[in-house]
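I have placed the structure first, in the form of structure tokens, so that the comments after it can refer back to it.
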Amino acid sequence: MIANYINYLRNIRNYSDNTILSYHKDLSAFSKWAKAHLDHARWSEITRADIDQYISDLAAAGMTPATTNRKLSAISGLYGYLKREGYEVENPCKYESRRKLSKSLPNTINEDELRQAYDNAAGAVKTMLGILCTTGIRIQELLDLNWEDINLSDCSLRIKGKGSKERMVYTTEQVLTDIAACKAEINPHGQMFGIDQRTARHMIWEALKPYCNAKQLSPHAIRHTWATRLAKNGVNVSQIGTLLGHEHLETTQKYIDMTQHDNKEISQQNSIL
């Protein structure tokens, strides 16, 4: 599909070699991301929510708004081509507002509202919320957890992160209690949850919606909230990066930047002048 579109840009639209190279690189990167993160990587099945998650992941990786917009423009162009060729597809990037990333600070959820959502959840979704809120792991890392990855003696979880890199994170006794209570219900063997990303995201969204008033009600917004809390409590950028599984500290710096933004407000609100 990508190859056909690139040929169209080269032979029909007469795009420059540099522009064609850029389009090919951006589309290949998105295709690779979709295959790694989605259970439905066909172009006809990509949704607006998937594009939102892609935007979020690019921002988390330190991608600038301008570069992100360029990547989304390439994806949008491909969908326009597919429509003209007679494919039954809908362009998940067609809304311009979805390509305007004016805020560079991470989307977070009010912590009290998160606690309320957790307190009112039950079963598997309560366990998922508990793990996400206490560890800040990625949604796929959560779904890749096996029962053997849980160490009850020290509340540790062995995480299989990006690039097959393992790291240890730590939850709480309360969450371990939740895990034990619903073990038979969710999946007593192999993987803890045994569900796909789409199902997990929907379950989490449904659990957060009645209690949380935030721009994004997603597992990644919980990750941002957890990391920002660490930064506000004085945890250094290196430790935060290690716990989040970041390869580069530049990716973690945005949480420090966010706390500096809060410090400005605090200082101005409490000025003696």
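The values are calculated or read from the model by the stated rules, or taken from the named source; none is laboratory data. Please read these numbers as outputs of a predicted model, since none were measured by experiment. FYI the Cβ positions are ideal-geometry reconstructions off the backbone, even for glycines, and counts take in every protein chain you see.
Name the residues in the range 119-134 that are touching a Leu at 6+ places or on another chain (Cβ under 9 Å) and buried (at least 23 other Cβ atoms within 10 Å of the Cβ), would you?
If the condition is that a residue be touching a Leu at 6+ places or on another chain (Cβ under 9 Å) and buried (at least 23 other Cβ atoms within 10 Å of the Cβ), then M128, L129, I131, L132 are the ones that fit.
Take the residues in the range 163-194 that are in contact (Cβ under 8 Å) with a residue 60 or more places away in the chain and assigned to a helix (DSSP H, G or I); name whichever of them is nearest to R223 (Cα to Cα).
G163
Enumerate the pairs (first residue in the range 108-127 and in the same structural domain as I179 (by TED's automatic domain parsing); second residue anywhere and surrounded by 20 or more Cβ atoms within 10 Å (Cβ to Cβ) and among the acidic types (D, E)) with beta-carbon separation below 6 Å, excluding pairs fewer than 6 apart on the same chain, so at least 6 apart or on different chains.
That search, which allows pairs on different chains as well, returns K126/D178; T127/D178.
Can you pull out the residues in the range 1-35 that are among the small types (G, A, S) and in contact (Cβ under 8 Å) with a residue 12 or more places away in the chain? Walk me through how you get there before you give the answer.
So the first thing to find is which residues in the range 1-35 are among the small types (G, A, S), and the list is 3, 16, 22, 28-29, 31, 34.
Residues satisfying the conditions are S22, S28, A29, S31, A34.
From the list D154, D178, D196, D149, pick out the single residue that is among the acidic types (D, E) and closer than 25 Å to D50 by Cβ.
On the way: D154 fails: closer than 25 Å to D50 by Cβ; D178 fails: closer than 25 Å to D50 by Cβ; D149 fails: closer than 25 Å to D50 by Cβ.
Just one listed residue meets the conditions, D196.
Of all residues in the range 125-179 being among the β-branched types (V, I, T) and in contact with a Cys (Cβ under 7 Å, 6 or more places away or on another chain), which is farthest from A36 (Cα to Cα)?
In this case the residue turns out to be T172.
Taking the residues in the range 111-166 that are more than 17 Å from the chain's Cα centre (by Cα) and polar (S, T, N, Q) as candidates, determine which candidate is nearest to I179 (Cα to Cα).
T127
Any idea which of (1) assigned to a loop (DSSP other than H, G, I, E, B); (2) without any contact (Cβ under 8 Å) to a residue 40 or more places away in the chain is the one P210 doesn't satisfy?
In the conditions (1) assigned to a loop (DSSP other than H, G, I, E, B); (2) without any contact (Cβ under 8 Å) to a residue 40 or more places away in the chain, P210 misses (2) alone.
Are any residues in the range 222-248 among the polar types (S, T, N, Q) and free of Cβ contacts under 8 Å to residues at least 40 places away in the same chain, and if so, which ones?
N233, N236, S238, Q239
One residue is enough: does the range 211-230 have a residue meeting the conditions under 22 Å from A34 (Cα atoms) and in contact with a Ser or Thr (Cβ under 6 Å, 6 or more places away or on another chain)?
At the first step, the residues of the range 211-230 found to be under 22 Å from A34 (Cα atoms) are 216-224.
From what is left, the residues that are in contact with a Ser or Thr (Cβ under 6 Å, 6 or more places away or on another chain) are 220, 224.
For the range 211-230, residues under 22 Å from A34 (Cα atoms) and in contact with a Ser or Thr (Cβ under 6 Å, 6 or more places away or on another chain): present.
Which of the residues spanning the range 139-191 are closer than 18 Å to E247 by Cβ, exposed (fewer than 12 other Cβ atoms within 10 Å of the Cβ) and of a type in the set (A, V, I, L, M)?
none
What's the total number of residues in the range 1-19 that are farther than 13 Å from Y81 by Cβ and surrounded by 12 or more Cβ atoms within 10 Å (Cβ to Cβ)?
The initial filter retains those residues of the range 1-19 that are farther than 13 Å from Y81 by Cβ, namely 14, 16-19.
This time we only want the ones that are surrounded by 12 or more Cβ atoms within 10 Å (Cβ to Cβ), so: 19.
Total meeting the criteria: 1.
Taking the options Y87, Y79, name whichever one is of a type outside the set (D, E), touching a Ser or Thr at 6+ places or on another chain (Cβ under 9 Å) and at pLDDT 85 or above.
Numbers: Y79 fails: touching a Ser or Thr at 6+ places or on another chain (Cβ under 9 Å).
Only one candidate qualifies: Y87.
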